[in-house]
Amino acid sequence: MAEKDRQIGMAVSAPGMTAESTADETARIARLVLLIVLVGTAVRLVLGGTVGLGMDESYSVGSARQFMPSYVDHPPLHYWAAGLAMRLFGSEAPIVVRLPAILFFAGSSWLMFRLAGRLFGARAGLWAVAGFNIAPVFTLAHASWVLPDGPAIFFMLAAANVVAPILLDDPAVRRVTLRWLAAGALGGLAMLSKYTGIFVFVGVLAFVLTVRPAWRHLMTPGPWLAVALALVVFSPVIAWNLEHGFIGFGFQTRRLPGSESIHPLWLLQFIGGQALYLSPLLFWPFLVALYRGLRGGPKDRGAWLIALIAIGPVGLFTIISLFAHSQPHWPMPGWVFAIVLFGRDAAKLAAERPRFARGYMAVSAAFVFVVLAVLVWQAKLGGIIPASLGAKADPTVDLLEWRELRPELEARGLLGPDAVVAAPIWMYAGKASHALGPDIPVVCACGDPQQFRYRYDQTQWNGRDMPVVWVQGDTRVGESARAFFDRLDPLPPITIMRAGRPALVLDVAMGRNLHMP
């Protein structure tokens, strides 16, 4: 096969097709992918300004007001991106702070098309992008929310796009050392976004060690320079953790409260959570594609490389879930690369059984978008989940903006010139901080204030009285808040409205004599 046909991929080729007709087909598919990206971006821009910020997002926006080399919860890149958007537009509106994530996902979709297309053909790239844009956790959360996953996925895919031609001996590759350096910088930016970005390096190392022709790369300066440059890019996180007692690294280990015994139920819950995040209709095809990529071994070098990058986070966190309560979104960077492999399998199936493949994907898309439409409707207008069931039954209450908080506290005379507000859990402190704005400090009167401990010196308000707010019905807060005040004097609650109807009630109390340790 000619080199041009090899780069486009067998999935696009058909008997009798010339190089020119194959190139035309590739260009047509690229335009279709671009249309998917543009339409998806437009929809997310609309939704990004329609639905309020979640708990994690509100907390992240408050943290992004202060530039730091790193932060307690995550490396800094998504905080920096949100902070830059806030300063450029002079606003903390949801659409403003979500804009970087939306743009990162648009870029990630194109990078996935390029990666799958280079390895398996343009049609594989199209199917991969379709799966990527249908899976709920990617098309909604990682595509538009203020989370570290957006930039992490973008730079992991970018690094894979750069390093794959080197490892697969593409004869068109020139200036190999410069390519290694670019891959190292992009991998470093992935780690600067989220610690799981390291799995790009783990996957590449596993590939080099298991594919004999690739051993020669270890005898060249390229890989070692790439690792060195990645560490330079990641160095702000290392330096900040050194200065602050490794609190960021320690926070991640504390999120894995382990057990000495094996818990199969935890494993089943972890797998079930991933299936829901990826959609039950798509989880199994993604899983089968990852299995086939691993089963094929080093003989299929392109699939082997992608499978090794994917299996790192997926395999590690699955094993950990047997011993510790794990969050199903942690292995999602690995599933991104499993979707690349899914593109190859889906393109092959579509060539053999086109009606089934297209029908299955259409049903998957319809199912996901109906579910997302229901959630967005509930988040914005309510009425689908009866209010009588309470806030705990409504998963969208986290997306409510606490717009009534500041005017209610002002009307009660509780927000004077030197006002301070407290909350007994970091999530509520984040929501309160975003609702009150940057001019009202918020104290996290809790055992683990996370980034709030570095936003201000919270001990400066010791001895002060201040209002304390939390979501009504949360039984965790009473003991937590009382540990930091002499007493809590109840005040009238505040009702958060949605589309003119009560949706959430905040309890309010006056905390007497703050004593932060």
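The values are calculated or read from the model by the stated rules, or taken from the named source; none is laboratory data. It should be emphasised that the depicted structure is a prediction, and the values quoted were computed from it without experimental measurement. Counting neighbours? That spans all protein chains shown, and the Cβs are built from the backbone with ideal geometry, glycine included. Ligands, DNA and RNA are excluded from the accessible area calculation, which covers all protein heavy atoms including side chains. Shrake-Rupley method; radii C 1.70, N 1.55, O 1.52, S 1.80 Å.
Can you confirm whether the range 368-385 contains a residue that is surrounded by 12 or more Cβ atoms within 10 Å (Cβ to Cβ), modelled with pLDDT of 95 or more and not hydroxyl-bearing (Ser, Thr, Tyr)? Looking for residues that are surrounded by 12 or more Cβ atoms within 10 Å (Cβ to Cβ), modelled with pLDDT of 95 or more and not hydroxyl-bearing (Ser, Thr, Tyr), one finds none in the range 368-385, hence no.
Would you point out which residue out of 233, 227 is of a type in the set (Val, Ile, Thr) and more than 22 Å from the chain's Cα centre (by Cα)?
Numbers: 233 fails: more than 22 Å from the chain's Cα centre (by Cα).
After ruling out the rest, the residue left standing is 227.
Would the range 58-77 turn up any residue that is open to solvent by 30 Å² or more (accessible area, probe 1.4 Å) and assigned to a helix (DSSP H, G or I)? Within the range 58-77, not a single residue is open to solvent by 30 Å² or more (accessible area, probe 1.4 Å) and assigned to a helix (DSSP H, G or I). Counting only residues that are open to solvent by less than 30 Å² (accessible area, probe 1.4 Å), touching a Ser or Thr at 6+ places or on another chain (Cβ under 7 Å) and either more than 17 Å from residue 191 (Cα to Cα) or of a type in the set (Lys, Arg) (or both), the range 304-345 holds 2 of them. Just one of the listed residues (127, 80, 145) is over 12 Å from the mean Cα position of the chain (by Cα) and in contact (Cβ under 8 Å) with a residue 40 or more places away in the chain, namely 127.
For the range 171-192, state whether one or more residues are assigned to a loop (DSSP other than H, G, I, E, B) and crowded, with 24+ Cβ neighbours inside 10 Å. No: the range 171-192 contains no residue that is assigned to a loop (DSSP other than H, G, I, E, B) and crowded, with 24+ Cβ neighbours inside 10 Å. Scanning the range 216-251 for residues that are part of a helix (DSSP H, G or I), within 12 Å of residue 72 (Cβ to Cβ) and open to solvent by 50 Å² or more (accessible area, probe 1.4 Å) yields a count of 1. Here residue 485 clears all of (1) open to solvent by 10 Å² or more (accessible area, probe 1.4 Å); (2) touching a His at 6+ places or on another chain (Cβ under 9 Å); (3) more than 22 Å from residue 86 (Cα to Cα) except the condition numbered (1). Scanning the range 36-48 for residues that are surrounded by 19 or more Cβ atoms within 10 Å (Cβ to Cβ) and more than 30 Å from residue 307 (Cα to Cα) turns up at least one hit. Exactly one residue out of 313, 328, 285 is within 16 Å of the chain's Cα centre (by Cα), within 27 Å of residue 360 (Cα to Cα) and touching a residue at least 24 places away in the same chain (Cβ under 8 Å), and it is 328. For the range 410-439, a tally of residues being of a type in the set (Val, Ile, Thr) and open to solvent by 10 Å² or more (accessible area, probe 1.4 Å) returns 1.
Among residues of the range 498-517 that are open to solvent by less than 20 Å² (accessible area, probe 1.4 Å), those with a Cβ under 8 angstrom from a residue that is in a strand (DSSP E or B) and of a type in the set (S, T, N, Q), sequence gap 6+ or separate chain, pair up as 504/495; 506/495.
Pairing residues of the range 101-124 that are under 13 Å from residue 338 (Cα atoms) with residues that are at pLDDT below 95, at Cβ distances under 9 Å and at least 6 apart in sequence or on separate chains, gives 116/9; 124/9; 124/11; 124/12.
Please indicate, with yes or no, whether at least one residue in the range 400-408 is modelled with pLDDT under 95 and of a type in the set (Phe, Trp, Tyr). The answer is no, given that none of the residues of the range 400-408 is modelled with pLDDT under 95 and of a type in the set (Phe, Trp, Tyr).
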